[in-house]
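Q: Quick one: the structure is below, questions incoming.
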Amino acid sequence: MGRNANEKAKQRREQRRQEISLLRTIPYSDHQRWWSAETIAVVTGGNRGIGFELSRQLAAHGLTVILTSRDSNVGAEAAKVLQEGGLNVAFHQLDVLDPLSIKKFADWLHQNYGGLDILVNNAGINFNIGADNSLEHAREVVATNYFGTKSMIEAMIPLMKASTVGARIVNVSSRLGRLNGRRNRIGDLTLRQQLKDVNSLSDELIDNAVSTFVQQVEEGTWESGGWPQMFTDYSVSKLAVNAYTRLMVKILSDRPDGQKIYINCYCPGWVKTAMTGYAGNIPTEEGADTGVWLALLPDQAITGKFFAERREISF
């Protein structure tokens, strides 16, 4: 019975992938295209994998893309590849862990482009491949995937351009960070409820949760904390990203028309990239698709949601 259910689920996923492949071939009509070459999209961690493909697809739609990377040489080379393909892509060094680097980037962006319209938070790390679940790098994973994303959002919001269609923030996340995932949810019922209830969400709650996790890892007591059992540090970091996405909806809700900012997150799936040890079963083109789709939605009233394969899923 379990094998049959798994086979049916696999068939449904394959059917959905085929549907999305077809959707990608349908061009946006003129009345749907709210963007132009003057529309600025910033993609963090754009030098390879999903980030590179997000940059390529956004630029292919006619936007100006600012590809960022911690490594200047690698990032500049990635941008050059896209430029040689006729795409409007610029590069700037950015380390989301370094406040000075973020400030330098923000100043450069403001001076050269007047701000941005779209922020795609893709920069992230994972040290576990296959069945591994080492927590040796837990502090670095949480710092990059959660605090780095948070720092970029805080720094970019003041630079997001006024627009009748609203600016957009897309956070690359993962189903592994779902609150109520069947296999990988957190066991602390009190914390789970606090993170689920948008009214109780706060910076302090999310920061304290991940800080407690890192402390327990370093003390060797994390297994008794009820944390996810698979890709634990990565899952906790993405759980925090998801919670922060929902918190930002509340914080941004009072912005007047013309200054709206819509924020969502999505799971690209198990993509064949360096982060998965190239063991994923989804090509980067498909992994980037939902992120690009969210960034370019024609009538964006969607905010605070979680998506996979262009469909909303639960947090």
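The values are calculated or read from the model by the stated rules, or taken from the named source; none is laboratory data. All figures in this text were calculated on a predicted structure; none of them were measured in a lab. Backbone-built Cβ (ideal geometry, glycine too); neighbour counts: all protein chains shown. Side chains included, ligands, DNA and RNA excluded: accessible areas come from the protein's heavy atoms. Shrake-Rupley method; radii C 1.70, N 1.55, O 1.52, S 1.80 Å.
Q: What ³J(HN,Hα) values, in whole Hz, does the Karplus curve 6.51 cos²θ - 1.76 cosθ + 1.60 give for the range 50-56 when θ = phi - 60°, with x put for Gly and Pro?
A: With coefficients 6.51, -1.76 and 1.60, one gets 4, x, 5, 6, 4, 4, 4 Hz.
Q: Starting from the amide H of residue 169, placed 1.01 Å from N in the peptide plane, find each other amide H under 5 Å away whose residue is 5 or more places distant or on another chain.
A: Counting only residues 5 or more places away or on other chains, the set is 119, 262, 263, 264.
Q: Another question about this same structure. Tell me, in nm to one decimal, what length is gained between residue 127 and residue 302 on full extension, where the rule is 0.36 nm per residue of separation less the Cα-Cα distance?
A: Residue separation times 0.36 nm, minus the Cα-Cα distance, leaves 59.7 nm.
Q: Turning to a different aspect of this structure: Helix-only mean residue ellipticity at 222 nm, the chain, DSSP H runs n ≥ 4 weighted -39,500 (n - 2.57), per residue, nearest 500. What is it?
A: Using -39500 (n - 2.57) per qualifying helix, the result is -13500 deg cm²/dmol.
Q: What net charge is computed for the residues neighbouring residue 100, neighbours being all others with C-beta under 15 Å from the C-beta of residue 100, Lys and Arg scored +1, Asp and Glu -1? Numbers along the way, then the final one.
A: Numbers: positive: 70, 103, 104; negative: 95, 98, 107, 154.
Taking every Cβ under 15 Å from that of residue 100, the sum is -1.
Q: For the chain, compute Rg over Rh where Rg is the Cα radius of gyration and Rh is the Kirkwood radius from the inverse mean 1/r over Cα pairs.
A: A ratio of 0.95.
Q: What are the equivalent ellipsoid semi-axes of the range 209-266, built from the alpha-carbon gyration tensor (square roots of five times its eigenvalues), in whole angstrom, biggest first?
A: Values: eigenvalues 212, 24, 9 Å².
Rounded to whole Å, the semi-axes are 33, 11, 7.
Q: Can you give the translational diffusion coefficient of the range 127-177 in µm²/s, computed by Stokes-Einstein from the Kirkwood radius over Cα pairs at 37 °C and 0.692 mPa s?
A: 243
Q: Still on this model: Using a probe of 1.4 angstrom, how much of the accessible area of the chain is carbon and sulfur, in percent?
A: Values: 7300 of 15110 Å².
Its accessible area is 48 percent carbon and sulfur atoms.
Q: Hey, another quick one. Once phi is turned into θ = phi - 60°, what whole-Hz ³J(HN,Hα) does the Karplus curve with 6.51, -1.76 and 1.60 give for every residue of the range 140-155, x standing for Gly and Pro?
A: In residue order, the calculated couplings are 5, 5, 5, 4, 6, 6, 9, 5, x, 4, 4, 4, 5, 4, 4, 6 Hz.
Q: Ok, one more. With a 1.4 Å probe and every protein chain left in place, work out the accessible area per residue of the range 140-221 in Å², rounded to a whole number.
A: Spelled out: the 1.4 Å probe surface of the range 140-221, per residue, equals 46 Å².
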